[in-house]
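**Q** One structure is given below, represented as structure tokens, and several questions about it will come after.
The values are calculated or read from the model by the stated rules, or taken from the named source; none is laboratory data. Note that the structure is a prediction, hence the values are computed from the model and not measured. FYI the Cβ positions are ideal-geometry reconstructions off the backbone, even for glycines, and counts take in every protein chain you see.
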Amino acid sequence: MNYKAIIADDEKELRGYLKTMLAETWPELEICGEAANGKEALKLVESCRPQVAFLDIKMPGLTGLEVAKKIAGFCHIVFVTAFDQYAVEAFEREAVDYLVKPVIKKRLTQTIQRLKKQLRSSPEPPAGLAEMITHVLANLQGNANANYLRWIKTQHKDNIHLIPVEEIDYFQAEDKYTLVMTAQGESLIKKSIKELSSELDPQQFWQIHRGTIVNVSRIENISRSLTGRGVIKLRKRPESLTVSRNYLHLFKQM
């Protein structure tokens, strides 16, 4: 029997990447639809009637977890997530299928083998799946305040890289994108400074300008310019960063 699946992720490139990986590892699986947000995913499940749904956990509108809670009785679910300590721990604890971005072929193959076994024994999703997802949601909401980004995902051509936030010196706005600056070089991401400011640990990263967020541990010293603005010298970097007057209060404790 041939099975159908949907892929839901708000990033088109990552949907395409997973679709290609699935074509290689499960060629008989039909991808009957792709969704860019949670509401589209719900509509696809209703119209396509897939046996499997691959859901990114962070999507606009409805998250993958919220979608999963609604469709748990209709299909098998595999969550796809950027590495997140709390999410991974919650998935492991509840024995829920998940893949960590960037998806690795070995892990995907293991997940597919498990899905095929489940589908052969019963096309119906596991009993109690909705309850498992409710527990995962409760665990994640309990850790919401500590659930800061631990990795930044970047893409160069067909390669996806994960940069640990500890390795990042600073973020700099660049037109509609943001530059991620590390000792190894620079990368562009689509997240805005505004988005990053709410997703990074405020104990580790400070916004010092409308277009700049700095890793506090990389600061060597700060001085004042003739115009009254702050000037940050970073460790092992030649450039300096400007601190606007609105953010100078952050450095009173240093």
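**Q** Can you confirm whether residue 64 is at pLDDT below 90, surrounded by fewer than 16 Cβ atoms within 10 Å (Cβ to Cβ) and in contact with an Asp or Glu (Cβ under 9 Å, 6 or more places away or on another chain)? Give the steps one after another, and end with the answer.
**A** Numbers: at pLDDT below 90: yes; surrounded by fewer than 16 Cβ atoms within 10 Å (Cβ to Cβ): no; in contact with an Asp or Glu (Cβ under 9 Å, 6 or more places away or on another chain): yes.
It is false that residue 64 is at pLDDT below 90, surrounded by fewer than 16 Cβ atoms within 10 Å (Cβ to Cβ) and in contact with an Asp or Glu (Cβ under 9 Å, 6 or more places away or on another chain).
**Q** Against the definition (out of contact with any helix residue (DSSP H, G or I) (no Cβ under 7 Å at 6 or more places or on another chain) and of a type in the set (A, V, I, L, M, F, W, C)), how does residue 44 come out, yes or no?
**A** Considered against the rule, which asks whether it is out of contact with any helix residue (DSSP H, G or I) (no Cβ under 7 Å at 6 or more places or on another chain) and of a type in the set (A, V, I, L, M, F, W, C), residue 44 comes out as yes.
**Q** Next up: Six or more apart or on different chains, Cβ under 6 Å: which pairs go from a residue in the range 8-33 that's in the same structural domain as residue 54 (by TED's automatic domain parsing) to one that's basic (Lys, Arg) and modelled with pLDDT under 95? Could you list them?
**A** These pairs meet every condition: 9/15.
Here's the yes/no breakdown for (1) under 28 Å from residue 135 (Cα atoms); (2) touching a Cys at 6+ places or on another chain (Cβ under 7 Å); (3) charged (D, E, K, R):
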{"residue": "25", "(1), (2), (3)": "no, no, no"}
{"residue": "29", "(1), (2), (3)": "no, no, no"}
{"residue": "37", "(1), (2), (3)": "yes, no, no"}
{"residue": "52", "(1), (2), (3)": "yes, yes, no"}
{"residue": "56", "(1), (2), (3)": "yes, no, yes"}
{"residue": "61", "(1), (2), (3)": "yes, no, no"}
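**Q** Check whether at least one residue in the range 192-214 is among the polar types (S, T, N, Q), under 28 Å from the mean Cα position of the chain (by Cα) and assigned to a strand (DSSP E or B), and report yes or no.
**A** Quick first cut of the range 192-214, residues among the polar types (S, T, N, Q) only: 192, 197-198, 203-204, 207, 212.
Those still in the list that are under 28 Å from the mean Cα position of the chain (by Cα) too: 192, 197-198, 203-204, 207, 212.
Remaining after also requiring assigned to a strand (DSSP E or B): 207, 212.
Yes; the residues of the range 192-214 include at least one that is among the polar types (S, T, N, Q), under 28 Å from the mean Cα position of the chain (by Cα) and assigned to a strand (DSSP E or B).
**Q** Of all residues in the range 169-199, count the ones that are aliphatic (A, V, I, L, M) and loosely packed, with under 14 Cβ neighbours inside 10 Å.
**A** Selection size over the range 169-199: 1.
**Q** Please verify whether the range 85-94 includes one or more residues that are buried (at least 16 other Cβ atoms within 10 Å of the Cβ) and modelled with pLDDT of 90 or more.
**A** Within the range 85-94, none of the residues are buried (at least 16 other Cβ atoms within 10 Å of the Cβ) and modelled with pLDDT of 90 or more.
**Q** Here is a follow-up. Take the range 228-254 and flag every residue that is touching a helix residue (DSSP H, G or I) at 6+ places or on another chain (Cβ under 9 Å) and either aromatic (Phe, Trp, Tyr) or in a loop (DSSP other than H, G, I, E, B) (or both).
**A** Correct list: 228, 229, 235, 236, 237, 254.
**Q** Looking at 66, 40, 46, 28, can you tell me which residue is outside any helix (DSSP H, G or I) and more than 16 Å from residue 105 (Cα to Cα)? Can you show your working first?
**A** Details: 66 fails: outside any helix (DSSP H, G or I); 40 fails: outside any helix (DSSP H, G or I); 46 fails: outside any helix (DSSP H, G or I).
When all the criteria are applied, what remains is 28.
**Q** Then there is this: When the range 205-228 is examined, which residues are found to be surrounded by 15 or more Cβ atoms within 10 Å (Cβ to Cβ) and farther than 22 Å from residue 174 by Cα?
**A** Answer for the range 205-228, where residues must be surrounded by 15 or more Cβ atoms within 10 Å (Cβ to Cβ) and farther than 22 Å from residue 174 by Cα: just 222.
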